[in-house]
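Novice: First the structure, which I've put down as structure tokens, then a few questions once you've had a look.
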Amino acid sequence: MRNAPFVGLMTMAAVAVVASTALAQVEPAGAPIRADEIARALKGKVCTSRVGATFAFRKDGHYSYDGLWTDHGHYSIHDGAVTILLDSGLEKAFAISKRDGILFMEETAVSCAR
């Protein structure tokens with residue numbers, strides 16, 4: 001049992017690695033943000049996802065999406081969400097949050113510019 005302390009140390013190290021990996025995989029949803037902050041981030045801007053989809057939020061409330069398909073409609077901003085009403089009648093509220101300073105629409109990271 002000369003190696004017993006070494007085996008114990010390696011077991012503790014393995015448990016620590018597994019625990020830290022599990023915690024890293026549980027990413028917090030991000031804190032919802034207030035309507036005024038969402039308006040500053042989105043209104044009058046075009047937001048782009050990492051895969052190249054664009055979400056345009058015009059100052060007059062018109063919305064357009066260009067990605068896997070193209071859609072148009074209107075948007076309204078609320079605490080923690082933006083609601084999109086497409087011209088087709090489909091309506092969806094998207095949760096808006098920030099994680100590490102990055103804006104998210106649901107689970108999609110976006111960057112917005114004028």
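The values are calculated or read from the model by the stated rules, or taken from the named source; none is laboratory data. The model shown is predicted, which means the values in this text are computed figures rather than measured ones. Reconstructed Cβ throughout: ideal geometry from the backbone, glycine too, with neighbour counts over all protein chains shown.
Novice: Testing residue 59 on (1) loosely packed, with under 15 Cβ neighbours inside 10 Å; (2) in contact with a strand residue (DSSP E or B) (Cβ under 6 Å, 6 or more places away or on another chain), one condition comes back false. Which one is that?
Specialist: (2)
Novice: Residues of the stretch 63-77 being surrounded by fewer than 13 Cβ atoms within 10 Å (Cβ to Cβ) and at pLDDT 95 or above, which ones?
Specialist: 70
Novice: Further question: Kindly establish whether residue 98 is modelled with pLDDT under 95, surrounded by 13 or more Cβ atoms within 10 Å (Cβ to Cβ) and charged (D, E, K, R).
Specialist: In short, yes.
Novice: When you scan the stretch 80-114, how many residues do you find that are more than 16 Å from residue 33 (Cβ to Cβ) and touching a residue at least 40 places away in the same chain (Cβ under 8 Å)?
Specialist: Counting residues in the stretch 80-114 that are more than 16 Å from residue 33 (Cβ to Cβ) and touching a residue at least 40 places away in the same chain (Cβ under 8 Å) gives 2.
Novice: When the residues of the stretch 28-79 are filtered to those that are without any contact (Cβ under 8 Å) to a residue 12 or more places away in the chain and of a type outside the set (D, E, K, R), which remaining residue is farthest from residue 114 (Cα to Cα)?
Specialist: Within the stretch 28-79, the subset without any contact (Cβ under 8 Å) to a residue 12 or more places away in the chain is 36-37, 40, 56, 60, 64, 69-70.
If we keep only those that are of a type outside the set (D, E, K, R) as well, we get 56, 64, 69-70.
On the way: 56: 10, 64: 14, 69: 22, 70: 20 Å.
Filtering the stretch 28-79 for residues that are without any contact (Cβ under 8 Å) to a residue 12 or more places away in the chain and of a type outside the set (D, E, K, R), the one farthest from residue 114 (Cα to Cα) comes out as 69.
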